[in-house]
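Here is the structure we will look at, set down as structure tokens.
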């Protein structure tokens, strides 16, 4: 695990974008694993800028998103389909992108098909992760075991609380999501995790310094052979 402590969130964002851009430049047909939430937005802005300047070409690249809320239409303004279109996809020339269908009538089939699609593409070359305040990655919440593959997950109360700010009413916050499993994430060739701010300091400490434990889902990353962690000084304050 390569941990890089940077000055601030802006430095985290630009270094994250540089690593993603380098992946695509070095392997134009890369399969990228992408994430949503506030953490990657600034990095996506850099990637858009560099693409518009002709520095990065995504025309041969493919992406898979980590997760999607269960029960939201892709056109819902809080769905991750909508997020990715607004924050990245509509502004670059990505060859193709895949996001779990959270509005499917058959979740088991959707999860199996999503997992098979990743496998058919040769797996994920670089997986981008954020980090929840309870150390979740994707929507893999603290649990008694590490999940193996794409599945429907119940969102933890702390995750639901953190997501309330995006919805008009607390009751509107989805309670479930389709997410890549821990096993799916761990099969990625490279993993890049970003976090910043004091609110993530405890999760970072537990991930890096604690035991490998499914109650700290991100702790499993210690077993991956190629993980880069980009954090600012505030997120690193408890290390």
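If I filter the stretch 122-130 for residues that are more than 18 Å from residue 71 (Cα to Cα) and exposed (fewer than 14 other Cβ atoms within 10 Å of the Cβ), do I get at least one hit?
yes
Please specify each residue of the stretch 189-209 satisfying the condition of being in contact with a helix residue (DSSP H, G or I) (Cβ under 6 Å, 6 or more places away or on another chain) and without any contact (Cβ under 8 Å) to a residue 40 or more places away in the chain.
Within the stretch 189-209, no residue meets the criteria.
Pick from 100, 40: which is in contact with a helix residue (DSSP H, G or I) (Cβ under 6 Å, 6 or more places away or on another chain) and closer than 20 Å to residue 126 by Cβ?
After applying the criteria, what remains is 100.
Can you tell me which of (1) in a helix (DSSP H, G or I); (2) touching a strand residue (DSSP E or B) at 6+ places or on another chain (Cβ under 6 Å); (3) surrounded by fewer than 19 Cβ atoms within 10 Å (Cβ to Cβ) is the one residue 218 doesn't meet?
(3)
Please find, within the stretch 152-173, the residue that is surrounded by the most Cβ atoms within 10 Å (Cβ to Cβ) out of those that are more than 21 Å from residue 203 (Cβ to Cβ) and in contact with a helix residue (DSSP H, G or I) (Cβ under 8 Å, 6 or more places away or on another chain). Before the answer, list the steps.
If we filter the stretch 152-173 for residues that are more than 21 Å from residue 203 (Cβ to Cβ), which is where we start, we get 152, 167-172.
In the following step, the residues that additionally are in contact with a helix residue (DSSP H, G or I) (Cβ under 8 Å, 6 or more places away or on another chain) were identified as 152, 170.
Working: 152: 16, 170: 11.
My answer is 152.
Residues are listed down the side, and each one gets a yes or a no for (1) modelled with pLDDT of 95 or more; (2) more than 14 Å from the chain's Cα centre (by Cα); (3) farther than 21 Å from residue 16 by Cα:
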{"site": "144", "(1), (2), (3)": "no, yes, yes"}
{"site": "157", "(1), (2), (3)": "no, yes, yes"}
{"site": "160", "(1), (2), (3)": "no, yes, yes"}
{"site": "178", "(1), (2), (3)": "yes, no, yes"}
{"site": "215", "(1), (2), (3)": "yes, yes, yes"}
{"site": "219", "(1), (2), (3)": "yes, yes, no"}
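Can you tell me which condition residue 238 does not meet? The list is (1) surrounded by fewer than 17 Cβ atoms within 10 Å (Cβ to Cβ); (2) closer than 24 Å to residue 13 by Cα; (3) in contact with a strand residue (DSSP E or B) (Cβ under 6 Å, 6 or more places away or on another chain), and all the others hold.
(3)
Restricting attention to the stretch 225-232, does a residue exist that is in contact with a helix residue (DSSP H, G or I) (Cβ under 8 Å, 6 or more places away or on another chain), modelled with pLDDT of 95 or more, more than 22 Å from residue 15 (Cα to Cα) and buried (at least 22 other Cβ atoms within 10 Å of the Cβ)? Spell out how you get there, then give the answer.
Of the stretch 225-232, the ones in contact with a helix residue (DSSP H, G or I) (Cβ under 8 Å, 6 or more places away or on another chain) are 227-232.
Checking the rest, the ones that are also modelled with pLDDT of 95 or more come to 227-232.
Within this subset, residues satisfying the condition of being more than 22 Å from residue 15 (Cα to Cα) are none.
So far as the stretch 225-232 goes, no, none of its residues is in contact with a helix residue (DSSP H, G or I) (Cβ under 8 Å, 6 or more places away or on another chain), modelled with pLDDT of 95 or more, more than 22 Å from residue 15 (Cα to Cα) and buried (at least 22 other Cβ atoms within 10 Å of the Cβ).
The values are calculated or read from the model by the stated rules, or taken from the named source; none is laboratory data. Because the structure is predicted, anything quoted here is derived from the model rather than measured. Don't worry about glycine lacking a Cβ; one is built from the backbone with ideal geometry, like all the others, and counts go over all protein chains shown.
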